[in-house]
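The values are calculated or read from the model by the stated rules, or taken from the named source; none is laboratory data. Since this is a predicted model, take the numbers as computed values, not measurements. Note that we place each Cβ from the backbone using ideal geometry, even for glycine, and neighbour counts take in every protein chain shown.
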Amino acid sequence: MMNKRITNEIRKIHKPNINIKFCLGTLTIVAICIMLLIIATFSQIKIDIPANNMESYLKFEYIPQIPVVLFIAGLLGEFWGLVTILLYIILGLTPYFSFFALGGGLSYIFKYNFGYIFAYIFAVLISAKFMKNNNSILKIILAVLYGVLLIHLIGIIYMVIIAILQHDSAEFILNWIYYQSITKILYDIVFGLIAVLLSKVCRKLLWILID
């Protein structure tokens with residue numbers, strides 16, 4: 001009986017997706033994913049970009065939060081991925097948890113970068129939907145591309161609206177978009193692809209907890 005149970009469980013690992021049920025293990029993984037989002041917010045990867053003369057470098061600090069969102073989409077799927085992101089946002093908008101990049105609280109919705117955080121909701125749904133029941137490399141690439149571009153698109157639109165309401169100059173808006181999106185999209189795609197591939201491995205390894 002024990003050998004038969006183990007055999008059945010091993011077979012589940014090879015399925016493209018595991019139906020994640022409500023249990024203590026699932027809640028534990030959701031909590032861990034929220035912690036990963038918080039950690040990513042305050043983590044910086046320092047990257048040196050060669051300048052025009054190839055002898056000097058531009059210092060670039062990259063915050064890997066968007067790849068973590070894609071990791072959550074690949075690991076938890078649509079429903080639990082959405083639950084994780086919603087809990088993260090709701091907790092961050094309360095006065096008790098200031099774990100967004102510039103603090104927290106309800107007033108954070110008026111910050112320039114809140115649009116990116118808000119976009120996580122749509123990105124995790126779209127990316128998870130692309131990967132549902134299909135782990136082909138093409139679907140994974142599309143999931144990453146759509147997720148990253150959707151976050152930046154919504155983030156930019158949201159930022160422009162806030163900037164217009166605050167009567168910021170066009171130069172400020174363009175500079176903000178350049179440094180917050182244009183310089184980061186490629187890194188989000190590359191690290192996002194790595195994050196999704198890693199999530200697929202983790203999903204198989206965590207079958208005892210999430211199934």
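Using the structure shown, decide if Leu198 is closer than 30 Å to Ile29 by Cα and touching a residue at least 12 places away in the same chain (Cβ under 8 Å). For Leu198, the condition - closer than 30 Å to Ile29 by Cα and touching a residue at least 12 places away in the same chain (Cβ under 8 Å) - is met. Among the candidates Ile185, Ile177, Ile164, Ile157, the residue that is touching a residue at least 40 places away in the same chain (Cβ under 8 Å), aliphatic (A, V, I, L, M) and either surrounded by fewer than 16 Cβ atoms within 10 Å (Cβ to Cβ) or more than 18 Å from Ile72 (Cα to Cα) (or both) is uniquely Ile157.
Note on the stretch 135-154: residues that are free of Cβ contacts under 8 Å to residues at least 12 places away in the same chain and either touching a helix residue (DSSP H, G or I) at 6+ places or on another chain (Cβ under 9 Å) or of a type in the set (A, V, I, L, M) (or both) total 3.
Check whether at least one residue in the stretch 184-201 is within 20 Å of the chain's Cα centre (by Cα), part of a loop (DSSP other than H, G, I, E, B) and either modelled with pLDDT under 95 or under 20 Å from Ile63 (Cα atoms) (or both), and report yes or no.
Within the stretch 184-201 (the criterion being within 20 Å of the chain's Cα centre (by Cα), part of a loop (DSSP other than H, G, I, E, B) and either modelled with pLDDT under 95 or under 20 Å from Ile63 (Cα atoms) (or both)), the answer is yes, since at least one residue qualifies.
Quick one: in the stretch 58-102, which of the residues that are of a type in the set (Val, Ile, Thr) and outside any helix (DSSP H, G or I) is nearest to Gly192 (Cα to Cα)? That would be Ile63.
Of the listed requirements (1) crowded, with 19+ Cβ neighbours inside 10 Å; (2) closer than 18 Å to Thr84 by Cβ; (3) of a type in the set (D, E, K, R), Lys132 misses just one: (1). For the stretch 132-169, a tally of residues being outside any helix (DSSP H, G or I), of a type in the set (Gly, Ala, Ser) and either under 14 Å from the mean Cα position of the chain (by Cα) or under 17 Å from Arg203 (Cα atoms) (or both) returns 1. Taking the stretch 56-74 as the range and being surrounded by 21 or more Cβ atoms within 10 Å (Cβ to Cβ) and modelled with pLDDT under 90 as the test, only Pro64 passes.
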